[in-house]
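Here the structure comes first, spelled out in structure tokens, and everything after it is commentary.
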Amino acid sequence: MAEAERKPKVAEKLRAAEKAPVPRLKKKYHGEVVPAMMKEFGYKNPFQVPRLEKITLNVGLGEAIQNAKVLDAAAAEIMAITGQKPVITRAKKAIANFKLREGLSIGCMVTLRRARMYEFLDRLIHVALPRVRDFKGVPDRSFDQRGNYSLGLREQIIFPEIQADKVDKPRGLTVSIVTTAKTDQEGKALLRYLGMPFASKD
């Protein structure tokens with residue numbers, strides 16, 4: 001009976017996925033980024049072109065050790081920003097100096113894939129980052145030598161989903177963009193063609 005009930009639910013999800021519009025940034029990837037990168041790097045076919053794999057958002061909260069409400073607030077903000085429920089991150093080992101016990105809640109994170117990944121990156125590039133005070137572009141040094149990029153954001157209020165007057169305090173977060181690129185040069189080109197506003201070296 002349970003199996004019979006599960007099948008219609010799967011079918012409903014598939015139909016919903018088919019009806020959902022293709023994210024604008026995904027269209028740009030296939031229509032503009034792939035041809036541009038094939039030309040720049042000499043790939044023989046489109047399947048060689050690096051692509052986005054996943055994006056993670058992570059909030060570390062030292063004060064969560066003393067105040068569980070802080071963790072709840074951060075989790076609610078991440079859910080508002082991404083539309084996906086975050087998971088609680090826990091300490092992997094005890095650190096006596098910081099009163100940190102193994103398994104203690106210390107933050108929250110969410111992993112975005114497929115449509116949500118593209119939609120989040122689109123909002124980050126075109127809505128959130130331009131709201132950063134005195135914004136002059138993001139640093140291009142934060143690659144990991146394997147084509148993946150990490151970006152630290154000082155305040156969550158740059159996202160329009162967060163109402164500044166309802167925030168208890170500014171909270172920073174780290175955005176990690178994982179790609180299939182093999183080199184930082186390819187990873188940077190992928191993000192640049194997608195619209196990531198890297199800071200000028202001038």
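Spin-label model, LYS39/THR56: points 7 Å from Cα along the beta carbon direction are separated by 3.6 nm. Ranked by the mean number of other Cβ atoms within 10 Å per residue, highest first, peptides 142-152, 184-194 order as 184-194, 142-152.
What length, rounded to one decimal in nm, is gained on full extension from VAL127 through to ASP168, with 0.36 nm per residue of separation minus their alpha-carbon distance?
Details: separation 41, 0.36 × 41 = 14.76 nm, distance 2.24 nm.
Additional length available on full extension: 12.5 nm.
Taking the Cα centre of the range 24-194 as reference, the dipole from Cβ charges on Lys and Arg (+1) and Asp and Glu (-1) amounts to some 360 debye.
Packing-based ranking of 165-177, 38-50 yields 165-177, 38-50, ordered from highest to lowest mean Cβ neighbour count within 10 Å. Checked against a 29 Å cut-off, the cross-linked pairs LYS85/LYS136; LYS136/LYS188; LYS85/LYS169; LYS26/LYS69; LYS166/LYS201 give Cα-Cα distances beyond that limit for LYS85/LYS136; LYS26/LYS69; LYS166/LYS201.
Give me the dipole magnitude in Debye, nearest 20, for the range 130-174 about the Cα centre, with unit charges on the beta carbon: positive for Lys and Arg, negative for Asp and Glu. Present the calculation step by step, with values, prior to reporting the outcome.
Values: 9 positive and 7 negative charges, 20 e Å.
The dipole magnitude comes to about 100 debye.
Each value in this text was obtained by applying a stated rule to the coordinates, not by laboratory testing. Treat the numbers as computed from the prediction; the structure is a model and nothing was measured. Note: ideal-geometry Cβ built from the backbone for every residue, glycine included; neighbour counts use all protein chains shown.
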